[in-house]
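Report on the following structure.
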Amino acid sequence: MSARGDELAAGLDRVRERLAGACRDAGRDPAGVALTVVTKFFPASDVRLLAGLGVTEVAENRHQEAQAKREELLDLGLRWHFVGGLQSNKAAALASWADVVQSVDRAKLVAPLARGAEREGREIDVLVQVSLDPPGADQRAGADPEDLPALADAVEAAEGLRLRGLMAVAPNDGDPARAFDLLTGLHARLREQHPRAEELSAGMSGDLEAAVMAGATRVRVGSAILGSRPSVA
Ligand SMILES: *Cc1c(COP(=O)(O)O)cnc(C)c1O
């Protein structure tokens, strides 16, 4: 295999070992934690190498970049996730390539996304993204916890969208374990109303152990596998 292939294989092994260790510590079955490899900023050739190493799900955060990569890699049959910030006038376009949209954080996105799904004649799996920042913090992406029920209902009601669960990013500062505890509670409440919203997407390169401990069913890992991303100009 190429030098890059060896690098990716080593990164993937390390992350799979970390996941196995975290599952052991949490008393969980590793089969219950899916790995989404976040390939944003990295070339399609890396995604192809990853697929050769058994990766089946990848995530991107920019529409055009993702669309181009997916087009080039159609033969791999990967499941493509979108995890980026969304503008409502761009949401419909995602349906041309995204199988899963993890970052639906306001009701305004629901109608355009559903329209895109209908146009493409497909169903899109949706995770609603919640913010774990304290109230009043510099808002990062994600719905306020109090807005989650209405947002989830809107997704559930939309033709072409399937509400599959909840997604969050831990705040930049503070203990991720505390943030993920809050998330676990929000997910339990969501599932009371929407039993099929089983997925809890949490945990990245720096905090995947804490996320597995808190019950994440899916982690999103980029740099621990691919290396540090080329910085954004
Ligand atoms: C980039 C990104 C990740 C991956 O982050 P790493 O720290 O590189 O693992 C996960 N989730 C989201 C929403 C991202 O934008």
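Only the coordinates and a few stated rules stand behind these numbers; no lab work does. The model shown is predicted, which means the values in this text are computed figures rather than measured ones. Counting neighbours? That spans all protein chains shown, and the Cβs are built from the backbone with ideal geometry, glycine included.
Assorted remarks:
- The mean of 1/r over all distinct Cα pairs in the chain, once inverted, gives the Kirkwood hydrodynamic radius of 17.9 Å.
- Within the shell defined by Cβ-Cβ distances under 11 Å, the residues around Leu73 carry a net charge of -1, with Lys and Arg each +1 and Asp and Glu each -1.
- Here the Gaussian network model covers the chain, with springs between Cα atoms less than 10 Å apart; of Leu200, Leu78, Leu127, Leu78 fluctuates the most.
- Reciprocal of mean inverse Cα separation for region 1-134 (Kirkwood radius, Å): 16.2
- With the simple spin-label model, which puts each label point 7 Å out from Cα in the Cβ direction, the Asp13 to Ala157 separation comes to 5.2 nm.
- Share of Cα-Cα pairs in region 58-189 lying beyond 21 Å, as whole percent: 40
- Glu72 paired with Glu146, simple spin-label distance in nm, labels 7 Å along Cα-to-beta-carbon: 4.6
- Using every pair of distinct Cα positions in region 136-233, the Kirkwood expression returns a hydrodynamic radius of 14.6 angstrom.
- Radius 12 Å from Cβ of Ala177, net charge of other residues (Lys, Arg +1; Asp, Glu -1): -3
- Estimated from helical segments only, the mean residue ellipticity of the chain at 222 nm is -13000 deg cm²/dmol, where each DSSP H run of four or more residues counts as -39500 (n - 2.57).
- Order by protection proxy (mean Cβ within 10 Å, highest first), peptides 151-158, 209-216, 186-193: 209-216, 151-158, 186-193
- A dipole drawn for region 3-224 from +1 and -1 charges on Cβ atoms has a positive end, and of Gly54, Pro176, Ala141 the residue lying farthest that way is Gly54.
- Dipole magnitude of region 3-224, debye to nearest 20 (Cβ charges: Lys/Arg +1, Asp/Glu -1, about Cα centre): 320
- Candidate aspartates and glutamates - alpha carbon under 18 Å from Lys69, same-chain residues fewer than 8 apart omitted: Asp46, Glu57, Glu60, Asp99
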